[in-house]
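The values are calculated or read from the model by the stated rules, or taken from the named source; none is laboratory data. Fair warning: this is a prediction, and the values are worked out from it, not measured in the lab. All Cβ positions, glycine included, derive from the backbone under ideal geometry; neighbour counts span all protein chains shown.
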Amino acid sequence: MPEGDTLFRTARTLERGLAGQQVTRFDSAYPKLNRVHDDSPLTGRTIEKVESKGKWLLIYFSGDLILLTHMLMGGSWHIYRPGEKWQRRAGEMRIVIETEKLHAVGFLVPVAEFHTTEGLARRDGFRTLGPRLLDRDLDELEAVRRLRSRPDLEVGVALMTQSLLSGIGNVYKSEVCFACRVNPFRLVASLTEPEAAALVAKARRFMRANVSDTSGDQIITYTGLRRTTGRSDPAERLWVYRRRFEPCRKCGTAIESHKQGVDARTSFWCPQCQPMIGVKNPVCESRPTI
Ligand SMILES: [Zn+2]
């Protein structure tokens, strides 16, 4: 089975031979790929780049089309000059991409799919990082769309899923939910558009504030009175994080906490300010025993 470094070399070879070249012919043993070629021809597109990601090999064509292949056992890409004899049987050919100077042939490539950038980001098993919340030119609408693309997840889990939004850690998860008055155990499906937008905007604001803070504190999400008390413990500046049983800074209700998601990262929330909406969740119905 080709390892990551083998694929890296293959990608580099293909990149050197094909990048910047125009496709003159495309053929495949896979009807699914040929259908895409029929609908929006590969011929005439420019090969923009070739890269490997883990065990995946990606060929990017102009016009937002990406050929994703996985070699699994025994698959391989070869590169030939026009007219050169193939080293493997024609019956093993799965994909041919020809340019004027070189032909790339995928033999026994078991997984091959066309994707757009957006489709690829959503593909199962193909991990891509979601929009980075700290990016100055972050497209917030896209970030909101990503968040809402998993209605089946609990909000607290979705916020920490790096393929949806990248950068939010466990502290921000709870703080952002509190600031938006969203219970972290609600399902993403229950979020209104303004709520989803607020979560993204608030997460971004908190994270940017943290980065730009020069005081050396890790966290400055809570900027209420206690910010001026001069306490050095950053936990004193948080709304709910690690404040289980302590009174909510807004309403005085005892903060609750519970492990959440497969990674069992604890979420903190105020049951009064962040009511459970949508599917009933027994965790959020419980009251702390003091
Ligand atoms: Zn409260």
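Taking every residue in the stretch 261-279 that is farther than 12 Å from Asn183 by Cα and pairing it with any residue that is away from the ligand (no atom under 16 Å from the Cβ), at least 6 positions away or on another chain, the pairs with Cβ-Cβ distances below 6 Å are Gly261/Val157; Arg265/Asn170; Thr266/Lys259.
Look at the stretch 114-125: where a residue is more than 11 Å from Leu58 (Cβ to Cβ) and a partner is at pLDDT 85 or above and of a type in the set (D, E, K, R), sitting 6+ places away or on another chain with Cβ atoms under 7 Å, you get Thr116/Asp64.
Among residues of the stretch 58-85 being on the phi < 0 side of the Ramachandran plot and at pLDDT below 90, the one that is surrounded by the fewest Cβ atoms within 10 Å (Cβ to Cβ) is Met73. If you scan the stretch 170-212, which residues turn out to be surrounded by fewer than 22 Cβ atoms within 10 Å (Cβ to Cβ), in contact with a strand residue (DSSP E or B) (Cβ under 8 Å, 6 or more places away or on another chain) and in a helix (DSSP H, G or I)? Within the stretch 170-212, just Asn170 meets the criteria. Look at (1) in contact with a Lys or Arg (Cβ under 7 Å, 6 or more places away or on another chain); (2) of a type in the set (A, V, I, L, M, F, W, C); (3) touching a residue at least 60 places away in the same chain (Cβ under 8 Å) and you find that Ala203 fails only one, number (1).
Taking only the stretch 154-185 into account, find how many residues are in contact (Cβ under 8 Å) with a residue 24 or more places away in the chain and more than 14 Å from the chain's Cα centre (by Cα). So that I can check it myself, show each step before the final result.
As a first pass, look at the stretch 154-185 and keep what is in contact (Cβ under 8 Å) with a residue 24 or more places away in the chain: 154-168, 170-179, 181-185.
Now narrow it down to the ones that are more than 14 Å from the chain's Cα centre (by Cα): 154-156, 170-179, 181-185.
Residues that pass the stated criteria total 18.
When we screen Val262, Val240, Val182 for residues that are modelled with pLDDT under 95, within 14 Å of the ligand (Cβ to nearest atom) and within 18 Å of Met160 (Cβ to Cβ), the only hit is Val240.
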